[in-house]
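A.B. asks: Right, I'll just put the structure down here and ask away after.
The values are calculated or read from the model by the stated rules, or taken from the named source; none is laboratory data. Since the structure is predicted, the reported quantities are computational estimates derived from the model, not experimental observations. Don't worry about glycine lacking a Cβ; one is built from the backbone with ideal geometry, like all the others, and counts go over all protein chains shown.
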Amino acid sequence: MADLFTYRRTALAASYCDALEGRGILDATSGLFLAAPRRTGKSTFLREDMVPEMRKRGWETLYVDLWSDRSRDPAELIIAVVREALARFDGVVLKAAKGVGLDKLNVLGALSLDLNKIGQTGGATLADALERLRLKCGKPLVLLVDEAQHALSTPAGTQAMFALKAARDRLNQGTSERGLHLVMTGSNRDKLTHLVLRKSEPFYGAGVTRFPLLDRGFVEAYAAWLKPQFADGKAFSADTLERAFDLLGRRPEMLKRVVGEAVADWGGADALDALIERNAQQLQSRAWQEFASAYNSLPGAQKAVLDAIARLAPDYTPFAETALAAYQAVLGKPLSNSAIQGALDALRDKELIWRAGRGDYAFEDDGLRAWYLQQHPQPPQIAD
Ligand SMILES: Nc1ncnc2c1ncn2[C@@H]1O[C@H](COP(=O)(O)OP(=O)(O)OP(=O)(O)O)[C@@H](O)[C@H]1O
Ligand SMILES: [Mg+2]
């Protein structure tokens, strides 16, 4: 039942759309890059708030989640969503043409664009395909790329990002109405920054916007939604829920789970109040349980490398003096280059850290890093 509750942020979506059009305080005409930690509601916001607002404004929306299928190259996923939209509009145009008795072959000839070859050598470029789509649908396009930083994990994905930039510039040239808006989200600010920071990066010049975590409004709406579900007229107070929500890193799923357990096991709303009073720390640990057990099973070298990244990012470089000193602070002895490289690879495999192109490493999750540093204000002392 708790899954049916969705809190809308319509005003926020409208303000982002204004920003995309260049009519807001925030200027996102070269792209809107939104960063927020894992499981805090990015995708839900895109789906439930942004897309409806965009449709209301008469935009054609294309949505792609680069994490939806990890076995496929991010470039392929991006091309697929453009291709599908083109095929859809081809269908519409063909039907209309048939209706007025136009020669089908001619129409096909005029429209033909080998959909299978988009983005390949000899085929249409992604920019060509988007331009074609723009002409066909006759509306401004908006491409929403969820977990966009993932594109940088492959050469083709990185190329696709450059192609999107080229398309944006081409479609927005010389018209008062913008032809292509770009919205990209990511769960790690450091990572998303790699799309915009340097001259060599695809969206150089754009900025990363911190996507706001769900606010008090969410908590109040949730409390109000819960109320009628209790036959005995008891209710969770918004203050209690707010406190728990904060301890859980403002992750709705976890709040829903805690509330569910409070009802089932602990005797309801009063019990949650009491639990939070007694044991805020325990509630918070719950949010990071999975990470804590992964962390505990790491060998010493990996713990030391993770610690160095937590403390030094975004200025962490694996073999720099500062990093070597940080490993030593944890292990009490130096770490060999091959051990460092081995630890980095293992941590990436475990999806605890992430690597951008040129040897920059960052935590997979900003929230995780914050929690780690809170648990370890000083480097832990570990025997390897
Ligand atoms: N506005 C909301 N109202 C109610 N529940 C929400 C809301 N936003 C998110 N949730 C719930 O929180 C969970 C995470 O949401 P979502 O998948 O949108 O987050 P995310 O930031 O995209 O996560 P990930 O980092 O895994 O991509 C889901 O279970 C979703 O139902
Ligand atoms: Mg998501």
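A.B. asks: Taking the stated definitions as given, is T29 polar (S, T, N, Q), surrounded by 17 or more Cβ atoms within 10 Å (Cβ to Cβ) and either under 20 Å from K191 (Cβ atoms) or at pLDDT 95 or above (or both)?
C.D. replies: Working: polar (S, T, N, Q): yes; surrounded by 17 or more Cβ atoms within 10 Å (Cβ to Cβ): yes; either under 20 Å from K191 (Cβ atoms) or at pLDDT 95 or above (or both): no.
Taking the combined requirement at face value, the residue does not satisfy it.
A.B. asks: For the list (1) modelled with pLDDT under 70; (2) of a type outside the set (S, T, Y); (3) within 16 Å of ligand 2 (Cβ to nearest atom), I need the number of the one condition that L115 fails.
C.D. replies: The number of the failed condition is (3).
A.B. asks: Name the single residue, out of those in the range 169-201 being touching an Asp or Glu at 6+ places or on another chain (Cβ under 7 Å) and among the hydrophobic types (A, V, I, L, M, F, W, C), that is modelled with the lowest pLDDT. Walk me through how you get there before you give the answer.
C.D. replies: Going residue by residue through the range 169-201, those that are touching an Asp or Glu at 6+ places or on another chain (Cβ under 7 Å) are 170-171, 178, 185-189, 194-195.
When the remaining residues are screened for being among the hydrophobic types (A, V, I, L, M, F, W, C), the result is 171, 195.
On the way: L171: 92, L195: 88.
By that ranking, first place goes to L195.
A.B. asks: Suppose we keep only residues that are over 30 Å from K165 (Cβ atoms) and of a type in the set (V, I, T) within the range 209-249. Which one would you say is farthest from ligand 2 (Cβ to nearest atom)?
C.D. replies: Kept after step one, since they are over 30 Å from K165 (Cβ atoms), are these residues of the range 209-249: 214-249.
Filter once more, keeping what is of a type in the set (V, I, T): 219, 240.
Values: V219: 21, T240: 28 Å.
Among them, the one singled out is T240.
A.B. asks: Given the condition assigned to a strand (DSSP E or B), closer than 18 Å to A148 by Cβ and more than 16 Å from ligand 2 (Cβ to nearest atom), answer yes or no: does some residue in the range 193-208 qualify? First the steps, then the outcome.
C.D. replies: Within the range 193-208, the first condition is being assigned to a strand (DSSP E or B), and the residues that meet it are 208.
Now restrict to residues that are closer than 18 Å to A148 by Cβ: 208.
So of that shortlist, the ones also more than 16 Å from ligand 2 (Cβ to nearest atom) come out as 208.
Checked against the condition, which is being assigned to a strand (DSSP E or B), closer than 18 Å to A148 by Cβ and more than 16 Å from ligand 2 (Cβ to nearest atom), the range 193-208 yields at least one hit.
A.B. asks: Report yes if A292 is crowded, with 21+ Cβ neighbours inside 10 Å, free of Cβ contacts under 8 Å to residues at least 40 places away in the same chain and closer than 30 Å to P212 by Cα, otherwise no.
C.D. replies: Numbers: crowded, with 21+ Cβ neighbours inside 10 Å: no; free of Cβ contacts under 8 Å to residues at least 40 places away in the same chain: yes; closer than 30 Å to P212 by Cα: yes.
It is false that A292 is crowded, with 21+ Cβ neighbours inside 10 Å, free of Cβ contacts under 8 Å to residues at least 40 places away in the same chain and closer than 30 Å to P212 by Cα.
A.B. asks: Given the options A80, A36, name the one that is within 16 Å of ligand 2 (Cβ to nearest atom) and either within 25 Å of D215 (Cβ to Cβ) or at pLDDT 90 or above (or both). Walk me through how you get there before you give the answer.
C.D. replies: Numbers: A80 fails: within 16 Å of ligand 2 (Cβ to nearest atom).
One residue alone meets the criteria, A36.
A.B. asks: Kindly list, by first and then second residue, each pair from a residue in the range 59-70 that is assigned by TED's automatic domain parsing to the domain that holds L182 to a residue that is assigned to a loop (DSSP other than H, G, I, E, B) and away from ligand 1 (no atom under 13 Å from the Cβ), limited to pairs with Cβ atoms under 8 Å and residues at least 6 apart or on different chains.
C.D. replies: Listed by first residue and then by second, the contacts come to W59/K139; W59/P140; E60/K139; E60/P140.
A.B. asks: List the helices (runs of 4 or more DSSP H) that sit entirely inside the range 2-73 and contain at least 1 residues that are closer than 26 Å to G179 by Cβ and out of contact with any strand residue (DSSP E or B) (no Cβ under 9 Å at 6 or more places or on another chain).
C.D. replies: On the way: elements: 10-21, 42-45, 51-56.
Once the helices (runs of 4 or more DSSP H) in the range 2-73 are filtered for at least 1 residues that are closer than 26 Å to G179 by Cβ and out of contact with any strand residue (DSSP E or B) (no Cβ under 9 Å at 6 or more places or on another chain), what remains is 10-21, 51-56.
A.B. asks: What number of residues in the range 37-56 are touching a Leu at 6+ places or on another chain (Cβ under 6 Å) and more than 7 Å from ligand 1 (Cβ to nearest atom)?
C.D. replies: Total meeting the criteria: 1.
A.B. asks: Given the conditions (1) within 16 Å of ligand 2 (Cβ to nearest atom); (2) at pLDDT below 90, report the number of the one that D90 does not fulfil.
C.D. replies: Evaluating D90 over (1) within 16 Å of ligand 2 (Cβ to nearest atom); (2) at pLDDT below 90 leaves (1) as the failure.
A.B. asks: Output the residue which, of all residues in the range 44-63 that are within 16 Å of ligand 2 (Cβ to nearest atom) and surrounded by fewer than 21 Cβ atoms within 10 Å (Cβ to Cβ), is nearest to M161 (Cα to Cα). Break it down into steps so the answer makes sense when it comes.
C.D. replies: Our first condition is that a residue be within 16 Å of ligand 2 (Cβ to nearest atom); within the range 44-63, this holds for 44-51, 63.
Those still in the list that are surrounded by fewer than 21 Cβ atoms within 10 Å (Cβ to Cβ) too: 44, 47-48, 51, 63.
Details: T44: 23, R47: 22, E48: 25, V51: 21, Y63: 15 Å.
In this case the residue turns out to be Y63.
A.B. asks: For the range 233-260, which positions are free of Cβ contacts under 8 Å to residues at least 24 places away in the same chain and part of a loop (DSSP other than H, G, I, E, B)?
C.D. replies: G233
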